[in-house]
Structures are given as C-alpha cells and as structure tokens.
Amino acid sequence: MQLNPLLEPLLRASFTVHDRLHLLDPAAFEAVAPRIRGISASGESKVGAELMDRLPALEIISVMGVGYDGIDVAAAKARGVVVTHTPDVLNDDVADLALGLMLAASRRLVAADRHVREGLWPAQGPMPLARKLSGARLGILGMGRIGQAIARRALAFDMTVAYHTRTVRADVPYAHVGSAVALAAQCDVLCVITPGGAATKHLVNAEVMNALGPQGLLVNVARGSVVDEAALIEALEQGRLGGAALDVFEQEPQVPERLRALPQVTLSPHIGSATTATRQAMAGLAAENLRAKAGGRAVVTAVPECR
C-alpha cells in the first residue's frame with residue numbers, strides 16, 4: 001500500500017525510504033534489499049516469511065495501525081525481528097464510531113437523511129418508528145482498551161454492559177459471559193472489538209447471529225474476518241438478525257452487493273481511526289518505533305508477542 005501521507009515525511013526526515021520498491025522495481029529492490037533494516041506497514045499490509053527472507057538485515061516491522069494480522073509475527077520472531085503497532089492513540093476514535101454506528105442503526109439516521117434529501121417527507125409523511133438505544137443491553141466481544149472505552153460511553157446511555165473474552169478480566173466491573181453465543185443471547189446490541197487473525201476468524205458465526213435474534217443489532221469495528229460475512233447476509237435476508245452496523249469487511253474494499261442492498265444495514269468504509277488528530281498520532285508513534293530501533297533504544301509499542 002502507498003505510504004500514509006502523514007507518515008511519509010516523518011520517515012523521509014530520518015531514513016532512506018524505498019517506497020514499495022519490491023513491487024514497482026524488483027531489480028532495484030534486490031540491489032538494496034541486503035541493507036534494508038526496517039519495514040513500514042499499515043494495518044492492511046501483508047508481510048510474510050518470504051519477504052523477510054529477502055531482507056537479511058531486517059530488524060523491525062513498524063505497523064501504523066493497531067491490527068497486525070497481515071504480519072507473520074512468528075516468522076518475524078524466528079528471525080529476531082520485532083513487530084510494533086500503534087495502540088491506545090486510536091481508542092477514543094474507534095469507541096466514538098462504535099457508539100455512532102449504534103445510534104445510526106438504531107435511529108435509522110442514514111435512512112432519515114435520505115428521507116429529507118429525496119423529498120420523501122412531504123410526499124410520504126413520517127418515517128416508520130425506530131428503536132431506542134438508551135437502556136439497551138450491550139454485549140462487547142473483546143474487552144481490551146477499546147472495548148473498555150466503548151463500555152464507558154455506553155454507560156452514559158444507561159446501557160447495561162456484559163462481555164466475553166477467553167479469560168475473565170479482574171480489572172473491569174462488567175459481567176463476564178462464557179461464550180460468544182451466550183453473550184449474544186442476552187444482549188440487544190453485540191459490539192465486536194476483538195483482534196483479527198486465525199484465532200478469531202468467523203468467531204461471530206450463524207449460531208451467534210441466531211442467538212442475537214431478529215431484534216438484535218450486530219456492530220463490528222474490529223476486523224472483517226471476525227464475522228462470517230456470508231452467514232451475516234443470510235441471517236439479515238431471512239430476518240433471523242435484526243440489523244448490522246459495519247465499519248469493516250472480509251474483502252475490503254469490496255463489499256458484497258447483497259449486503260449493500262439491505263436497508264437494515266449501516267455501512268462505513270473502515271474509518272474507525274480516521275480523524276486527522278488520531279492519524280497524526282499514529283504516524284508519530286509508528287515513526288518513533290522505527291527511530292528507536294535504529295538508534296539502539298527499546299521500541300515504544302511492540303506487539304504483545306514481541307514483548
């Protein structure tokens with residue numbers, strides 16, 4: 001992927017940058033590959049063992065993003081390469097968007113906007129009644145820092161909060177539920193904020209959606225891979241699931257036409273951290289991790305597997 005425009009000047013101020021040279025000029029890449037010490041990646045980048053094998057001097061893969069499921073971390077560790085990411089600085093933005101999606105889907109804000117813009121209000125009268133969000137039961141699938149930020153915001157809406165993680169968190173006051181299915185069965189809104197990767201692929205499957213039910217709302221601000229998209233479309237089309245609000249998809253930027261056609265679905269194009277302030281903070285942290293490694297200092301935010 002093209003270098004983020006907020007990150008690129010920070011990199012060029014400190015390093016020699018070979019922007020996508022392995023894709024644009026393979027011969028030139030082979031000439032400089034033995035000297036490359038770092039890779040700058042995004043949360044959507046794919047960095048596997050084959051690329052690492054071509055970079056014998058590689059020391060660090062710095063991801064500008066909190067998710068890093070496209071990076072072969074095991075292969076990096078085996079080669080003594082540290083992987084870093086940019087957590088925490090985007091917590092507020094992702095949590096804000098999660099609540100925004102809940103509100104938009106519950107109160108049908110996108111449809112309401114169209115109702116006014118397209119002149120349907122005077123022609124057809126009021127819209128159908130929507131659903132109330134305040135006081136709803138919120139289930140959070142994942143309870144890391146972003147999950148906790150979502151929970152705090154939900155409390156301001158008088159929502160009750162429960163969560164599912166593989167292990168109980170003693171540092172949060174919310175009820176822990178033993179499985180994703182059981183959590184879905186006891187909530188009105190299920191918000192997904194787990195890491196991506198093989199361990200969580202299709203964690204939200206047809207069984208979870210059936211448990212959430214025909215009045216339930218699924219919100220995904222995590223990774224598209226966590227939700228079985230085909231099962232989601234079927235559940236929505238068949239009325240087994242009430243609605244969905246999605247910021248992420250399995251094959252981004254491709255979104256199935258069947259999903260786009262559903263009126264009970266609210267969609268956004270993976271904008272969880274997409275504010276200027278947060279992206280600047282992410283770029284600064286990604287660059288600092290590279291500078292720290294180049295300068296012989298400890299990196300700031302290694303991924304958990306590399307700590």
Yeah, the range 192-242 with a ≥ b ≥ c from its alpha-carbon gyration tensor (a/c under 1.5 is rounded, else prolate when a/b outruns b/c, oblate otherwise) is prolate
The relative contact order of the chain, taking Cα pairs under 8 Å that sit 6 or more residues apart, comes to a percentage of 18 percent
For Asp158 and Arg137, extending 7 Å from Cα along the Cα-Cβ vector and measuring point to point gives, in nm, a value of 1.8 nm
Correct semi-axes for the range 217-307, from √(5λ) of the alpha-carbon gyration tensor and rounded to whole Å with the largest first, are 37, 14, 10
antiparallel share of DSSP beta bridges within the range 206-286, to nearest 5, in %, is 10 percent
Projected onto the charge dipole of the chain (unit charges on the beta-carbon of Lys, Arg, Asp and Glu, signs +1, +1, -1, -1), the Cα from Gly135, Ser40, Leu10 with the largest positive-side position is that of Gly135
Quick shape check on the chain: root eigenvalues a ≥ b ≥ c of the Cα gyration tensor, a/c under 1.5 is rounded, otherwise prolate if a/b tops b/c, else oblate, and it reads prolate
Per residue convex hull volume, Cα only, the range 1-117, in Å³ is 151 Å³
If every Lys and Arg gets +1 and every Asp and Glu gets -1 at its Cβ, then about the Cα centre the range 237-307 yields a dipole, in debye to the nearest 20, of 340 debye
Expressed as a whole-number percentage, the relative contact order of the range 1-112 with C-alpha contacts under 8 angstrom and at least six residues apart is 19 percent
Checked the range 174-277 with the C-alpha gyration tensor, a ≥ b ≥ c its square-rooted eigenvalues, rounded below a/c of 1.5, otherwise prolate if a/b is larger than b/c and oblate if not; verdict oblate
Mean 1/r over distinct Cα pairs of the range 262-307, inverted to a Kirkwood Rh in Å, yields 13.2 Å
Taking a straight Cα-to-Cα line shorter than 30 Å from Lys46, and setting aside same-chain lysines fewer than 8 residues away, one finds Lys77, Lys201, Lys293
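Only Lys, Arg, Asp and Glu count, each charged at its Cβ (+1, +1, -1, -1), so figure out the dipole size of the range 123-223 about its Cα centre, rounded to 20 debye.
Using Cβ point charges on Lys, Arg, Asp and Glu, the range 123-223 gives about 220 debye.
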For the chain, the per residue accessible area (1.4 Å probe, Å²) is 49 Å²
With every protein chain in place, the accessible area of Arg114 for a 1.4 Å probe, in Å² rounded to the nearest 10, comes to 110 Å²
CD proxy, 222 nm, the chain: helix-only mean residue ellipticity via -39,500 (n - 2.57) per DSSP H run with n ≥ 4, per residue, nearest 500, stands at -10500 deg cm²/dmol
The size of the Cβ-based charge dipole (Lys, Arg +1; Asp, Glu -1) of the chain about the Cα centre, to the nearest 20 debye, is 580 debye
Rounded to two decimals, the Debye log10 I(q)/I(0) of the range 98-185 (Cα scatterers, no solvent) at q = 0.13, 0.19, 0.21 Å⁻¹ is -0.53, -0.85, -0.96
The percentage of Cα-Cα pairs in the range 64-106 separated by more than 11 Å is 72 percent
For the range 144-267, whose charge dipole is built from +1 on Lys and Arg Cβ atoms and -1 on Asp and Glu Cβ atoms, the candidate among Pro214, Gln148, Val248 with its Cα farthest towards the positive end is Gln148
Ordering 208-217, 148-157 by per-residue average of other C-beta atoms within 10 angstrom, highest first, gives 208-217, 148-157
In the neighbourhood of His202 defined by beta carbon distances under 12 Å, the net charge of the other residues (Lys, Arg +1; Asp, Glu -1) is -2
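Roll a 1.4 angstrom probe over the protein heavy atoms and tell me the percent of accessible area of the range 1-45 that is carbon or sulfur.
Whole-percent figure for carbon plus sulfur exposure: 57.
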Taking only Cα atoms of the range 139-196, the Rg to Rh ratio with Kirkwood Rh works out at 0.91
A chain fully extended from Asp25 to Glu118 at 0.36 nm per residue, minus the present Cα-Cα distance, gains in nm 28.6 nm
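The values are calculated or read from the model by the stated rules, or taken from the named source; none is laboratory data. As the structure is a prediction and not an experimental result, all values here were calculated from the model. Every residue, glycine as well, gets a Cβ built from its backbone with ideal geometry; the counts of neighbours run over all protein chains shown. Keep in mind that these areas ignore ligands, DNA and RNA; they rest on the heavy atoms of the full protein, side chains included. Shrake-Rupley method; radii C 1.70, N 1.55, O 1.52, S 1.80 Å.
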